[in-house]
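Only one structure is covered here, and it is reproduced in the block below.
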Amino acid sequence: MTALPTAHTLHRKGHWAGPAMTCELDYTERFLRRKRLITSTGEAFVVDLAQTTSLDEGDALELDSGALVQIKAGREALYKVSGPDLVRLAWHVGNRHTPCQIAPDHLLIQADPVIGHMLQHLGATVAPLTAPFTPEGGAYGHGRTHAHAHVATAHDH
């Protein structure tokens, strides 16, 4: 049996260059530590990071061979949320710790019938769509907003 190429190193978007294979992952799949993945051309590899990490669109994993695999946000079921009081709607989404991608005229959230119903009750227009999902990171940089361990704090200088 042949061992699969392994990625132990993550390069954040903007901190790597060169040609790269691609691997498309949805939001949930981009939160990992150790996992077998497949590139868009069908090549299998293993991610083995030191800690559970949230991968972002445009990040790259470096294989033990030096080859790079760029992370692409995969298409998934979302809701496009719009309405006359978008700031209020965004507050309600955030109050439920729901990942949210913010645009000037709408919000994108993962399709969740309970949250969708709540938003409609608040006067939102909620339209289903399928698209890549790249929600805002936490207040302390990369990562999921529900995590409690932070790399930096507002008090670091």
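The values are calculated or read from the model by the stated rules, or taken from the named source; none is laboratory data. None of the values given here were measured: they were computed from a predicted structure. Positions of Cβ are backbone-derived with ideal geometry, glycine not excepted, and every protein chain shown enters the neighbour counts. Protein only, heavy atoms only, side chains kept; ligands, DNA and RNA dropped before computing areas. Shrake-Rupley method; radii C 1.70, N 1.55, O 1.52, S 1.80 Å.
Figures for the structure shown
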{"item": "Residue within segment 95-116 that is touching a residue at least 40 places away in the same chain (Cβ under 8 Å), among the charged types (D, E, K, R) and open to solvent by 40 Å² or more (accessible area, probe 1.4 Å) present", "result": "no"}
{"item": "Candidates THR53, THR39, filtered to the one that is in contact with a Cys (Cβ under 6 Å, 6 or more places away or on another chain), touching a residue at least 12 places away in the same chain (Cβ under 8 Å) and open to solvent by less than 50 Å² (accessible area, probe 1.4 Å)", "result": "THR39"}
{"item": "Scan of segment 59-75 for residues that are under 20 Å from GLN110 (Cα atoms) and either among the small types (Gly, Ala, Ser) or out of contact with any strand residue (DSSP E or B) (no Cβ under 7 Å at 6 or more places or on another chain) (or both), ordered by number", "result": "ALA73, GLY74"}
{"item": "Test for GLY66: is it more than 16 Å from the chain's Cα centre (by Cα) and on the phi > 0 side of the Ramachandran plot", "result": "yes"}
{"item": "Qualifying residue in segment 79-93 (condition: touching a residue at least 40 places away in the same chain (Cβ under 8 Å), crowded, with 16+ Cβ neighbours inside 10 Å and under 30 Å from THR6 (Cβ atoms))", "result": "no"}
{"item": "Filter pass, LEU55 being within 24 Å of GLN110 (Cα to Cα) and of a type outside the set (D, E, K, R)", "result": "yes"}
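The rows are residues; the columns are (1) modelled with pLDDT of 95 or more; (2) hydrophobic (A, V, I, L, M, F, W, C); (3) in contact with a helix residue (DSSP H, G or I) (Cβ under 7 Å, 6 or more places away or on another chain).
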{"position": "THR39", "(1), (2), (3)": "yes, no, no"}
{"position": "GLU43", "(1), (2), (3)": "yes, no, no"}
{"position": "ALA67", "(1), (2), (3)": "yes, yes, no"}
{"position": "ARG75", "(1), (2), (3)": "yes, no, no"}
{"position": "SER82", "(1), (2), (3)": "yes, no, no"}
{"position": "LEU86", "(1), (2), (3)": "yes, yes, no"}
{"position": "HIS97", "(1), (2), (3)": "no, no, no"}
{"position": "CYS100", "(1), (2), (3)": "yes, yes, yes"}
